[in-house]
Amino acid sequence: MRILLTLSLALALVRPAPAGGDPLAPKDPASFTLEDARHLLFRAGFGGTPDEVARLHRMGLEGAVAWLVDYEKRPDIVGPIDVPQAEPVDRRAYQKLSEDERRKLQNERRREDGQKFLVLRAWWMERMLRGLRPLEEKMTLFWSGHFTSSYRDVRNATFIWQQNELLRRHATGNFGELLHEVSRDPAMLLYLNNQQNRRGRPNENYAREVMELFTLGIGNYTEQDIKEAARAFTGWQVDGRRGTFVFNRGQHDFGRKTFLGKEGNLGGEEVLDHLLEQDACAPYVAGKVWTFLAAGQPDPELRAALGAVLAGSEWELKPLLRAILRSEAFYAPGVRGRQVKSPVEFVVSTVRMLGMNPPPPVACLAACDKLGQSLLMPPNVKGWEGGLAWITTATMLDRNNLSGIIVKLGDQDSTAGMNQRQARELATEMGMGEMRGARGAVFRQLGRWDSGIDVSGLCAATGARSAEDLVDALLTRMLFAPLPEARRQALVDYVKGADGSTPLEFDKLHSVASEAKLRKLLHLIMSTPEFQLC
């Protein structure tokens, strides 16, 4: 409870500055500091080492934003994968099977699909851990929480993969095109039950969510608009054998409809186009992008300005992203250190900030699952609640334990050369004991993995020759929110040995004793409430 209160206070102490003048006024490029670059790299990606931050800073504000936004100019080093659709079952042969044989066949196909899904999730995690296009994956993560679908309900790894690739393809593209394509996406149609949306028996799920969550927000439509939109989407279905969208004319309602004041024989395409014409649409969508990349709900003036940029660019997202990332408001004190890291951000950013060799992606997935965020399996159509909902007594303990595991890896008990028993123990610590499919090959991956963490070298690179300078250098590297002076001093005292431990000898940083002490220091920093903020 005390941890939660401290974190709440840390968030409450920084409030957005009151609006004045142009809410999206551009930041003076001459004022772009190293701390600005660090903030930019984390919010438009997942952070990085001091060298990576310094390289972004040397580009200047305009160059740094261009490097992030125009990522297509850099190679996709992870590359694509293929998650093929399973061969359709021969219906005649299936009819001849006994009940037990049918059940066995279904279970086997379900296991095979589950393995494909695990490969897909591991591939996406690897893109976030190692990729050279941080904004591409950050925005794919955003859209996966906006246009939500879940494997738990869809139960088809190929469909989920197709949707993930769709969101990545349009991550910084055109929102209008994305809206139209995701409305025909097999995973979405199945997730929101449009497969059951038929003439005379409309299913309103997609019609409701496309307005409430995807385009307008609550209060900008009526229940009658939902009913009329549902009729327009009748017959939008999935061909299960081919795994593609199909328009079933026999199930479509061709009758006259009235939707948000527009009358006619409206189909789904006309409904989507009319949604994009609504005054509430651009501010709603752009406001959600701001909340994800910056902090908090934008005030009405900022929301209107964001919407004007998006609508003015004919729904192209890059102008909006550039406007946000170059704005003075994005770098304001009320934005920095004000977001709670999601589990994915917590895990991926820790790996990238420390400059460590990425763990096996499945291990990172298991850690995220344990912390409450299962990629491609959000809890409901609203996605993850985020914010302080990420922090409970249990998840804070899990975050601290995970931090301890990370900083221990690579010490004299290096993971390199682990036997099966050690790999299994580590897998259990990282949460993989509860993860289906995380056995065998995963244990072998862990057995071969070396984190490459050299904490002594990391600390030596700061050039610090005093406890105060070392603590401050590490706090600058690891934290976005200021640490209260009392807790900073406690860290300094630990380095000096005032707590009864052996003082750190700066001339012997690479000794076994110094390495152990420095790893504990790093763990102490990562266990603070402030480390949960970005």
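The values are calculated or read from the model by the stated rules, or taken from the named source; none is laboratory data. On a predicted model such as this, the values are computed, not experimentally measured, just so you know. Counting neighbours? That spans all protein chains shown, and the Cβs are built from the backbone with ideal geometry, glycine included. Protein only, heavy atoms only, side chains kept; ligands, DNA and RNA dropped before computing areas. Shrake-Rupley method; radii C 1.70, N 1.55, O 1.52, S 1.80 Å.
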- How far is helix 60-69 tilted off the main Cα axis of the chain, in degrees rounded to 10, range 0 to 90? 40 degrees
- Task: Determine the gain in length on full extension of the stretch THR392-ASP70; use 0.36 nm per residue of separation and subtract their C-alpha separation, reporting nm with one decimal.
- Result: 112.2 nm
- Note on the structure: Dividing the alpha-carbon radius of gyration of the chain by 2.2 N^0.38 Å, where N counts its residues, gives 1.06
- Task: About the Cα centre of the chain, how large is the charge dipole given +1 on each Lys and Arg Cβ and -1 on each Asp and Glu Cβ? Please answer in debye to the nearest 20.
- Result: 1440 debye
- Charge dipole of the chain built from unit charges on the beta carbon (Lys, Arg +1; Asp, Glu -1), centred at mean Cα; most positive-end Cα among PRO186, VAL289, VAL210 is PRO186
- Item | Accessible surface ranking that places the most exposed of LYS382, LYS73, LYS517 first, with a 1.4 angstrom probe | LYS73, LYS382, LYS517
- Query: Between VAL246 and GLU223, what length in nm is gained on full extension when 0.36 nm per residue of separation is reduced by their alpha carbon distance?
  - Reply: 5.6 nm
- Query: Which whole-number percentage describes the relative contact order of the chain, with Cα contacts under 8 Å and a sequence gap of 6 or more?
  - Reply: 18 percent
- Compute the signed sum of charges (Lys and Arg +1, Asp and Glu -1) over the other residues within less than 15 Å, Cβ to Cβ, of GLY386. +4
- With axes computed from alpha carbons, what is the tilt in degrees of helix 512-526 against the longest principal axis of the chain, rounded to the nearest 10 within 0 to 90? 40 degrees
- Query: Measuring with a 1.4 Å probe in the full set of protein chains, what accessible area per residue, in whole Å², belongs to the chain?
  - Reply: 44 Å²
- Which shape class applies to the stretch 239-313: rounded if a/c is under 1.5, otherwise prolate when a/b exceeds b/c and oblate if not, where a ≥ b ≥ c are the square roots of the Cα gyration tensor eigenvalues? oblate
- Task: Quick one: check the C-alpha center-to-center distance for the stretch 148-195 versus the stretch 231-294, whole angstrom.
- Result: 14 Å
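Once the Cβ-Cβ distance between ARG487 and GLU314 is put in as r, and R0 is 51 Å, what FRET efficiency do you end up with, to the nearest 0.05?
The computed FRET efficiency comes out at 0.55.
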- Message: Over 15 Å apart: what share of the alpha carbon pairs of the stretch 119-216 falls there, rounded to a whole percent?
- Response: 62 percent
- Evaluate the stretch 475-534: find the radius of gyration of its Cα atoms, find its Kirkwood radius, and give the ratio Rg to Rh. 0.99
- Query: Simple spin-label model, 7 Å along Cα-to-Cβ: ARG111 to ARG201 in nm?
  - Reply: 3.6 nm
- Message: Suppose the chain between SER31 and GLU505 were pulled fully straight at 0.36 nm per residue; how much longer would it get relative to their current alpha carbon spacing?
- Response: 166.9 nm
- chymotrypsin sites (Phe, Trp or Tyr not before Pro) restricted to the stretch 213-281 and DSSP loop, no more than 14 other C-beta within 10 Å: PHE254
- Can you tell me the 0 to 90 degree angle between the C-alpha axis of helix 393-408 and the longest principal axis of the chain, rounded to 10? 60 degrees
- Using the Cα atoms of the stretch 44-85 to build a convex hull, what is its mean projected area in square nanometres? 4.2 nm²
- Task: Heavy atoms only, probe 1.4 Å: what % of the accessible area of the chain goes to carbon and sulfur, would you let me know?
- Result: 52 percent
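Go through ASP185, ASP507 and list them by solvent-accessible area, largest first, probe radius 1.4 Å. Walk me through the intermediate numbers first.
Details: ASP185 10, ASP507 130 Å².
So, going from the largest accessible area down, we get ASP507, ASP185.
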